[in-house]
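Asks: This structure is in structure tokens; I'll ask about it shortly.
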Amino acid sequence: MADKEKVILEDDVLYILQPGLTIYVKTADMCSWFGVSNQWVGQLTGQGTLNKMQTEHGKLFNLGDSVHGYMDSLNEKVTKTAEEKKLDKAKATAEVKLKVAKAAMAELQAKELSGKMHRSEDVQVFTQELIDTVKNALLSLPGRLAVEVSLCDTAEECSVLIKEAIRDVLSELSEFDYDPEKYEALVRERQNMDEKVEDDSE
């Protein structure tokens, strides 16, 4: 029996003045101290959070073990909540970045289709087309001028004839213009090919 000076009951108030005592209490006390319902105590007991033991006075809760178990469950819940918030924040950040990237991509595609932006490979295609046009125009000069040059009496006549032919070529090349419809068709063809590649890879 504990020393009366260490355990005192006065006016329905129990004073425990000796540390380290094992204390057993009823379910009603657990509900009152933790501010939970009887069902909640039963659930916590079933989960092993609260410790109920068989004593000579019936099944009672070991107060010290139950308090520790309940505090541990609260700490675990707080930690889990913090981790969930961290994960939610990371997920929200990733979703925002994805939406921004998609919006940027859509804007770039719109500019590309409207001819306000050109990919380097498309510029290369049109540049090569211009080069080929110049090349063909220059290579055609000998055939166009051969007979006329042979009929010239002087070098000066030949020079004038060649200059006029070059001016004609330059005039034709000056009409070589950017065709937005042709460029749009090229862009759409490439996009269709990109979509096909993505579908095949899935």
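Asks: Measure off 7 Å from each Cα along the Cα-to-Cβ vector at Lys6 and Trp40, then give the distance between these two points in nanometres to one decimal.
Replies: Between Lys6 and Trp40, the label points sit 3.4 nm apart.
Asks: Could I ask something else about it? Just flag the GluC sites (Glu not before Pro) in region 1-72 sitting in loop per DSSP whose Cβ has no more than 12 other Cβ atoms within 10 Å.
Replies: Glu5, Glu56
Asks: What list do you get for Phe176, Phe61 if you sort them by fewest beta carbons within 10 Å?
Replies: If I rank by nearby Cβ atoms, fewest first, I get Phe176, Phe61.
Asks: Name the residues whose placed amide hydrogens come within less than 5 Å of the amide hydrogen of Leu50, ignoring near sequence neighbours (fewer than 5 apart) on the same chain.
Replies: Thr45
Asks: What spacing in nm lies between the two simple spin-label points modelled at Thr27 and Arg167, each 7 Å away from Cα in the Cβ direction?
Replies: About 11.2 nm, to one decimal.
Asks: Turning to a different aspect of this structure: Rounded to the nearest 0.05, what FRET efficiency do Ser174 and Ile131 have when you use their Cβ-Cβ distance and R0 = 22 Å?
Replies: 0.90
Asks: Right, next: At q = 0.16, 0.22, 0.25, 0.26 Å⁻¹, what base-10 log of I(q)/I(0) does the Debye formula yield for region 7-77 when every alpha carbon is treated as an equal point scatterer in vacuo?
Replies: Calculated log10 I(q)/I(0) at the listed q: -0.60, -1.04, -1.22, -1.27.
Asks: Length gain on complete extension for the stretch Val160 to Glu83, per 0.36 nm per residue less the alpha carbon to alpha carbon distance?
Replies: Here the segment from Val160 to Glu83 would lengthen by 19.2 nm.
Asks: Measuring from label point to label point, each 7 Å out along Cα→Cβ, what is the Leu14 to Glu56 span in nm?
Replies: It works out to 1.6 nm between the two label points.
Asks: Follow-up. Could you list, in their original order, any pairs among Lys52/Lys85; Lys6/Lys59; Lys26/Lys77 whose Cα atoms are separated by more than 29 Å?
Replies: Going by Cα-Cα distance, Lys52/Lys85 fall outside the 29 Å limit.
Asks: Further question on the same structure: Any chance you could run the full-extension gain for Arg144 through Lys182? It's 0.36 nm times the residue separation minus the Cα-Cα distance, nm to one decimal.
Replies: 10.6 nm
No value in this document is a laboratory result; all are computed from the given coordinates. Note that the structure is a prediction, hence the values are computed from the model and not measured. Ideal geometry is used to build each Cβ from the backbone, glycine not excepted, and the neighbour counts take in all protein chains shown.
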